[in-house]
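Structure in structure tokens, see below.
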Amino acid sequence: MAPFSIASRVTPAAKEGQASSTYSTVADDDWTVVAVPNGGYVLTLVLEASIKHQSGTDQPDPLHISAHFLQPTKIKTPTEIQVRVLKAGRNYVNILADLVQAGRACVTTHIIFGKVPIRSHPIIAPSTGYARRLPLLLDHPSLLKPTHMPSAYIFSKHLQWSEDSVLKKQNEANHARTPGGGVALWGAWIELKGESERVTPSSLAFFADCIHNMATLYPSHVTGIDLSKGLWSPTLTMSLEYKTPIPSPSDGYASRTVGVYVKSGYLADPQNRHNSIVEIWSAPSNIGEGNVDEDWQGAQVCLATGSQMQLMVDGAVNKKAGRANL
């Protein structure tokens, strides 16, 4: 039962030069959805090991990760993260990293590493009108209070968020929205509670999966899921592309808070497959703290974008998988 910075630690176990290495860890039982570890948290463990493997090289920065979740990761179980270099080039290194328990791969990933230069200004200047701007309609986080998190998110004891109520209202059937519709919208400021906690490159995978999706944003008569009986949205595939280095903590950038914007939809068979597309942004302050600068919205940067394919299944499936953890 640990805060994120401790629960995401990995320990070197073996290394064969720069070609491959193995790290050991244990999935913490605080970072679960009911009984199964959050998929983004599991991906954080894989990223943490891979980043350590690449530290000290000419390509230390993760640029992109794609993951396939093969079976639920177990909590309190000895876990290995096996990292090996698939191809090393001048600009990019391709890595394969698997999370393994009891000799079986639970998650398999392909990660691209490179070197991100430090820029003094964005590639597309906001003044051009073509730059992507913070899509959240929320007020400055210093003016907000935390809102309710689902009880299924066991990790909520270490986390808080303030949801974008304006975006949520756009999910109502009679709301006048852009023609096309058909996708649920959600957004929030999300904050790690511990004073010493920090947003890190590996933690962005968790934030990308700490969301509401169409399963909970749309009514049951649309999705066909009876939420009163419990719901689990397990992730089958997930990708994350890093966009901008995380700004150093300052008066204009929070150290442990991000903004998350989600589009979720495209319901299909089997098992109510659907897609969620996520943007992760810097935040100007923690929730309920700090001061409001005039151009705080324009100063925020997109840290990463992600997408995932999830299912909608009965909550009993989660509990059954969780019992195997005990």
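Go through the residues of segment 293-301 one by one and say whether even a single one is touching a residue at least 24 places away in the same chain (Cβ under 8 Å), buried (at least 21 other Cβ atoms within 10 Å of the Cβ), under 19 Å from the mean Cα position of the chain (by Cα) and more than 25 Å from residue 34 (Cβ to Cβ).
Checked against the condition, which is being touching a residue at least 24 places away in the same chain (Cβ under 8 Å), buried (at least 21 other Cβ atoms within 10 Å of the Cβ), under 19 Å from the mean Cα position of the chain (by Cα) and more than 25 Å from residue 34 (Cβ to Cβ), segment 293-301 yields at least one hit.
Could I ask something else about it? List the residue pairs whose Cβ atoms are under 6 Å apart, where the first residue sits in segment 136-150 and is free of Cβ contacts under 8 Å to residues at least 40 places away in the same chain, the second is in a loop (DSSP other than H, G, I, E, B) and not charged (D, E, K, R), and the two are 6 or more positions apart or on different chains.
So the pair list comes out empty.
Yes or no, residue by residue, for (1) closer than 30 Å to residue 142 by Cα; (2) touching a strand residue (DSSP E or B) at 6+ places or on another chain (Cβ under 6 Å); (3) not in a strand (DSSP E or B):
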residue	(1), (2), (3)
276	yes, yes, no
284	yes, no, yes
288	yes, no, yes
292	yes, no, yes
298	yes, no, yes
309	no, yes, no
320	no, no, yes
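Can you list residue pairs whose Cβ atoms sit under 7 Å apart, with the first residue in segment 163-176 being under 12 Å from residue 217 (Cβ atoms) and the second being of a type in the set (Val, Ile, Thr)? Count only pairs 6 or more apart in sequence or on different chains.
163/147
Mind checking which residues of segment 108-142 are among the hydrophobic types (A, V, I, L, M, F, W, C) and out of contact with any Gly (no Cβ under 8 Å at 6 or more places or on another chain)?
Within segment 108-142, 111, 112, 113, 116, 118, 123, 124, 125, 131 qualify.
If only one of 197, 191 is part of a strand (DSSP E or B) and not aliphatic (A, V, I, L, M), which one is it?
Working: 197 fails: part of a strand (DSSP E or B).
When all the criteria are applied, what remains is 191.
Now for a different question. Looking at segment 9-24, which of its residues are exposed (fewer than 13 other Cβ atoms within 10 Å of the Cβ) and assigned to a loop (DSSP other than H, G, I, E, B)? Can you show your working first?
Going residue by residue through segment 9-24, those that are exposed (fewer than 13 other Cβ atoms within 10 Å of the Cβ) are 11-12, 14, 16-17, 19.
If the condition is that a residue be exposed (fewer than 13 other Cβ atoms within 10 Å of the Cβ) and assigned to a loop (DSSP other than H, G, I, E, B), then 17, 19 are the ones that fit.
Give me the pairs, please: first residue somewhere in segment 52-65 and surrounded by fewer than 18 Cβ atoms within 10 Å (Cβ to Cβ), second residue anywhere and outside any strand (DSSP E or B) and among the charged types (D, E, K, R), beta-carbon distance under 8 Å, and either six or more positions apart or on two chains.
Pairs that qualify, where the first residue is surrounded by fewer than 18 Cβ atoms within 10 Å (Cβ to Cβ) and the partner is outside any strand (DSSP E or B) and among the charged types (D, E, K, R), are 58/115; 60/115; 61/115.
While we're looking at this one, here's another question. Determine the pairs where a residue that is without any contact (Cβ under 8 Å) to a residue 40 or more places away in the chain and among the aromatic types (Phe, Trp, Tyr), located within segment 102-131, has a partner that is in a loop (DSSP other than H, G, I, E, B) and loosely packed, with under 15 Cβ neighbours inside 10 Å with Cβ atoms under 7 Å apart, the partner being 6 or more residues away or on another chain.
Listed pairs, sorted by first residue: 130/124.
Next up: Picking from 185, 138, which residue would you name as being in contact with a helix residue (DSSP H, G or I) (Cβ under 7 Å, 6 or more places away or on another chain) and not in a helix (DSSP H, G or I)? Outline the logic, then answer.
On the way: 138 fails: in contact with a helix residue (DSSP H, G or I) (Cβ under 7 Å, 6 or more places away or on another chain).
After ruling out the rest, the residue left standing is 185.
Bear in mind that the values in this text are calculations on the coordinates, not laboratory data. Since the structure is predicted, the reported quantities are computational estimates derived from the model, not experimental observations. Don't worry about glycine lacking a Cβ; one is built from the backbone with ideal geometry, like all the others, and counts go over all protein chains shown.
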